[in-house]
Amino acid sequence: MLALPGGQAISDFRAQKLLQQLQLLDVNISAVASQYVHFADTNATLTVGQEQALKQLLDYSPPLSSPPPGELFLVVPRIGTISPWSSKATDIAHNAGVSEVKNLERGIAYYVQAAGQLDRTAVAAVLHDRMTESVLADVSQAAALFKQLKAKRYLQVDLTKGGRAALEGINKLLGLALADD
């Protein structure tokens with residue numbers, strides 16, 4: 001897996017609004033910054049030309065001179081899913097001649113500065129959507145984005161026999177969080 005840093009992920013205005021939200025959790029939080037991070041799963045090592053072409057494709061936001069200071073919260077698409085961005089970006093890379101790329105994915109590295117210890121769970125809850133995203137503590141953990149998951153057996157529930165009780169039981173068993181209606 002290649003990890004390629006990108007440019008600024010959110011505008012200064014959005015960063016300021018995010019900082020205000022985070023400060024409601026912890027007044028010791030003094031700054032938040034963001035940067036795109038791109039991940040490439042490849043079939044083979046890229047040539048210098050291919051890597052350069054890939055970097056040019058992924059250069060679409062204002063650059064950062066260096067990673068900002070602060071504790072890293074890497075927000076990526078939910079592990080085990082393929083994002084729409086990934087599908088399109090992978091197609092574009094192939095059309096640009098970088099066919100060794102099996103899959104491209106994008107995350108946002110948030111750097112949160114605080115005077116003391118951060119409550120990672122609370123901060124992560126503000127930074128991501130738990131239904132569609134995962135939060136990682138380190139860039140190396142992003143390799144899980146490309147892990148091929150083993151297919152699971154499907155489960156069939158006969159609602160004609162068990163009715164609502166069967167549906168409620170399977171809802172609880174699988175943790176589906178279905179609404180009552």
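The values are calculated or read from the model by the stated rules, or taken from the named source; none is laboratory data. Since the model is a prediction, treat every value here as computed from it, not as a measurement. Virtual Cβ from ideal backbone geometry, glycine too; neighbours counted across all protein chains shown. For accessibility, only protein heavy atoms count, side chains too; no ligands or nucleic acids. Shrake-Rupley method; radii C 1.70, N 1.55, O 1.52, S 1.80 Å.
Counting only strands (runs of 3 or more DSSP E) that sit completely within the stretch 70-181, zero hold 2 or more residues that are free of Cβ contacts under 8 Å to residues at least 60 places away in the same chain and over 17 Å from Q35 (Cα atoms).
For T42, the conditions (1) in contact with an Asp or Glu (Cβ under 7 Å, 6 or more places away or on another chain); (2) closer than 23 Å to A137 by Cβ all hold with the exception of (2).
Against the list (1) surrounded by 14 or more Cβ atoms within 10 Å (Cβ to Cβ); (2) within 15 Å of R106 (Cα to Cα), the condition P68 fails is (2). Looking only at residues that are closer than 21 Å to Q113 by Cβ and small (G, A, S) in the stretch 62-91, which one is modelled with the highest pLDDT? So, considering only residues that are closer than 21 Å to Q113 by Cβ and small (G, A, S), the one modelled with the highest pLDDT is G70. Consider the stretch 136-159 and keep the residues that are at pLDDT 85 or above and not hydrophobic (A, V, I, L, M, F, W, C). The one that is surrounded by the fewest Cβ atoms within 10 Å (Cβ to Cβ) is D138. Every test in (1) of a type in the set (S, T, Y); (2) modelled with pLDDT under 95; (3) under 21 Å from the mean Cα position of the chain (by Cα) is passed by S34 save one, and that test is (2). A single entry from S61, S99 fulfils the requirement of being more than 20 Å from D26 (Cα to Cα), among the polar types (S, T, N, Q) and open to solvent by less than 60 Å² (accessible area, probe 1.4 Å): S61. Does D119 count as under 28 Å from A3 (Cα atoms) and exposed (fewer than 14 other Cβ atoms within 10 Å of the Cβ)? Yes, satisfied.
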